[in-house]
1. Taking every pair of alpha-carbon atoms in the stretch 48-115, give the share separated by more than 20 Å as a whole percent.
2. For a footprinting-style exposure proxy, rank 56, 78 by other Cβ within 10 Å, fewest first.
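No lab work stands behind these numbers, since they all come straight from the coordinates. Only a predicted model underlies this, so the values are computations on that prediction, with no experimental measurement involved. Cβ placement follows ideal geometry from the backbone for every residue including glycine, while neighbour counts extend to all protein chains displayed.
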């Protein structure tokens, strides 16, 4: 996540990786990625002091961005920091739940077993069981 007023130091490397990746799979857009000039758009909900939730912001952006113009794009996050903190915490729990209950999670069986032993409601239990189990 690029914060307000912060320039990306990884821009050239990211662009190069994206270009190589699209070229590797034979995507016809690989040349476009290579020559594209990145434009940083101001996001109303960009943070000033949150340097730890980049993954949550990334997942939210990937979930909500559908190719619209950035001015019209709304990811659902507010710009008020205290309200946004609560939103980000809720999203973190939601994403943890989705990951833990996924069939590709090699620890899913263990999580379900621990939830049963603790007599935890399965829906609620996934939200916090990851903090009780030492992987």
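1. Values: 974 of 2278 pairs.
Cα-Cα pairs in the stretch 48-115 separated by more than 20 Å: 43 percent.
2. With the sparsest Cβ surroundings first, the list reads 78, 56.
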